[in-house]
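Below you will find the structure I want to go over with you.
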Amino acid sequence: MYELDANYVKQLEKIAAEIQASDMLKQYLEEEEDEFYVQLKEAAEPKIYKLYKTVAAKHPLQLVQLEKKLLDPSFEGLFLPRILGFSVLRGVINEHYKYIRPQHHFQDILLTICDSANFDLLKKRIGQTIQIGFALSSDIWVTNLINRINNKRVRHFLQALNVGRLRVLEQRILEYNRYKKQFEKENFLSITFPDSASKLAIAYPGLERFLLYRMEEQEDNSSLIEPLDNFMANKALLGSKEHLYMCTIYGAFFDLPEKSKKALTKNISQIRKDLENADEKLFTFILELHSRKKTLLTPEADLRLAELFDTKIKDQLSEYFTTVKTIHTQGYTNEKTQETIHKIYLGNEGLSNFNECIRKTIFQYFSSLVNNLEATDYTEYFEITKLFAVYMRLFGNQQFNQHLKELSMVYVHKLIRHFTDKRGRDYQDIKKFVTATFRDFEFLTDKEIVILFKTRRKKRKPVEKA
């Protein structure tokens with residue numbers, strides 16, 4: 001757990017002092033009118049939120065400590081409903097939509113709210129959050145939490161939020177996904193690095209989620225370098241697949257100083273020797289990264305990763321990263337590159353993870369090119385399909401062909417929507433090309449091609465009777 005920076009502590013203390021000295025708080029305490037608390041909330045919470053966003057962006061490992069500071073009574077319960085929601089969504093869930101670990105921080109925030117003098121106002125903003133938090137937790141955990149509440153009125157409030165319908169998995173999934181949409185633009189993820197292999201196995205899903213989020217959102221990650229260096233160098237973690245995955249994420253997506261690169265290279269080499277089937281485990285993980293909606297394994301990320309794998313070690317990883325480096329440096333359009341891929345590809349089983357990783361690397365180039373084409377760039381698409389043919393022959397893989405088809409169909413529909421003049425030259429060129437090429441590639445049958453370009457008649461409006 002990382003302590004909150006002294007500068008942030010000072011800012012919090014200043015906000016707390018302003019709250020306690022405010023006329024709105026005095027009026028609220030004297031007259032006990034809700035409107036004065038609402039005014040206090042509107043004046044103070046934006047300041048807390050501004051500080052919270054700064055810490056989340058620059059020092060995310062300090063977020064939980066910041067939230068703990070906000071539990072102090074001097075903040076009058078302000079911002080607690082928001083961080084209660086953050087704590088609920090920060091917890092990692094399994095396939096059954098249940099927390100993989102008890103959420104003690106969620107419990108601490110909730111108990112603070114329940115003990116607050118301002119509970120009657122705060123409870124209006126936390127009902128849905130508590131429902132979801134309870135639904136994701138075990139029944140025993142929820143029961144134990146509620147039993148800690150002495151106030152009967154508060155206890156009945158919590159009991160009413162432990163709803164039975166959320167015990168049904170399908171309903172729990174629906175409500176959880178609906179709830180988290182409210183927080184899509186919020187940055188609240190934080191982690192604590194485990195210090196043993198057994199703890200790492202449990203904590204890994206949260207670590208992966210945190211680091212990949214930081215990569216995808218392109219946050220300032222400079223504060224993470226030192227703790228990640230220390231984590232990677234922990235000898236107690238070496239030899240586990242989770243440690244290998246963490247090394248992979250760190251090496252691929254961070255611009256590391258030379259010292260960190262050397263240490264990471266050394267650790268990866270040790271893992272390759274100690275971890276059984278390290279190559280297959282890493283290929284599986286690389287495929288998982290490729291399957292993410294926000295593609296992370298760019299050529300730049302691949303090359304950063306390739307630098308960390310010592311090719312003197314005789315295993316499939318050396319062969320793979322040598323091939324990947326060739327693809328990215330010499331170009332996938334280069335005939336020598338294609339020959340190299342062909343030779344390596346034939347040396348492995350067609351459906352092996354090694355070959356699938358190579359196919360994903362090539363497909364990413366096609367996907368990036370086609371998805372960034374405008375409708376007016378269709379002649380470039382015609383040229384790209386010449387390379388489709390090359391790699392379809394080289395790989396001889398039906399799934400790869402299917403991905404190319406899906407990619408192409410999205411673009412062709414884009415063209416049809418853009419070029420609506422069926423007698424125009426553009427439309428006719430596109431139709432002629434698609435008819436010939438998609439038939440050759442077996443993307444579509446003759447009948448499907450006819451349907452694709454068939455004019456859809458507009459429904460006639462019914463004639464109104466006089």
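The values are calculated or read from the model by the stated rules, or taken from the named source; none is laboratory data. All values derive from a computational prediction rather than experimental measurement. Glycine also receives a Cβ, built like all others from the backbone with ideal geometry; neighbour counts cover every protein chain displayed.
For residues in the range 347-383 being of a type in the set (Val, Ile, Thr) and farther than 30 Å from Leu282 by Cβ, which is farthest from the chain's Cα centre (by Cα)?
Thr379
Just give me the residues in the range 370-379 being surrounded by 14 or more Cβ atoms within 10 Å (Cβ to Cβ) and assigned to a helix (DSSP H, G or I), in sequence order.
Those that are surrounded by 14 or more Cβ atoms within 10 Å (Cβ to Cβ) and assigned to a helix (DSSP H, G or I): Val370, Ala375, Asp377, Tyr378.
Can you go through Arg165, Arg172, Arg155, Arg101 and tell me which one is part of a helix (DSSP H, G or I) and loosely packed, with under 14 Cβ neighbours inside 10 Å?
Checking each option against the conditions leaves just Arg165.
Residues are listed down the side, and each one gets a yes or a no for (1) part of a helix (DSSP H, G or I); (2) in contact with a Cys (Cβ under 7 Å, 6 or more places away or on another chain); (3) surrounded by fewer than 16 Cβ atoms within 10 Å (Cβ to Cβ):
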residue: Cys357; (1), (2), (3): yes, no, no
residue: Ser368; (1), (2), (3): yes, no, yes
residue: Tyr381; (1), (2), (3): yes, no, no
residue: Gln402; (1), (2), (3): yes, no, yes
residue: Glu406; (1), (2), (3): yes, no, yes
residue: Arg423; (1), (2), (3): no, no, yes
residue: Asp429; (1), (2), (3): yes, no, yes
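Would you say Glu216 is farther than 22 Å from Glu67 by Cα, at pLDDT 95 or above and not basic (Lys, Arg)?
no
Hey, another quick one. Using beta carbons and a limit of 6 Å, which pairs, at least six apart or on different chains, have the first residue in the range 176-187 and not hydroxyl-bearing (Ser, Thr, Tyr) and the second one not in a loop (DSSP other than H, G, I, E, B)?
Pairs that qualify, where the first residue is not hydroxyl-bearing (Ser, Thr, Tyr) and the partner is not in a loop (DSSP other than H, G, I, E, B), are Lys180/Leu89; Phe183/Leu89; Asn187/Ala56.
Among the residues of the range 55-97, count how many are surrounded by 18 or more Cβ atoms within 10 Å (Cβ to Cβ) and acidic (Asp, Glu).
Adding up the residues that qualify gives 2.
Does the range 38-54 include one or more residues that are within 24 Å of Asp195 (Cβ to Cβ), surrounded by 15 or more Cβ atoms within 10 Å (Cβ to Cβ) and assigned by TED's automatic domain parsing to the domain that holds Asn144?
No - not one qualifying residue is present in the range 38-54.
Sort out which residues of the range 383-400 are of a type in the set (S, T, N, Q) and part of a loop (DSSP other than H, G, I, E, B), and write them in order of number.
Once the filter is applied, which keeps residues that are of a type in the set (S, T, N, Q) and part of a loop (DSSP other than H, G, I, E, B), the range 383-400 yields only Asn397.
Sticking with this structure for a sec: Within the range 175-190, take every residue that is assigned to a loop (DSSP other than H, G, I, E, B) and of a type in the set (Asp, Glu) and give me the one that is nearest to the chain's Cα centre (by Cα).
Result: Glu184.
Filter the range 1-50 for residues that are more than 24 Å from His105 (Cα to Cα) and of a type in the set (Gly, Ala, Ser) and give the result.
Ala17, Ala21, Ser22, Ala43
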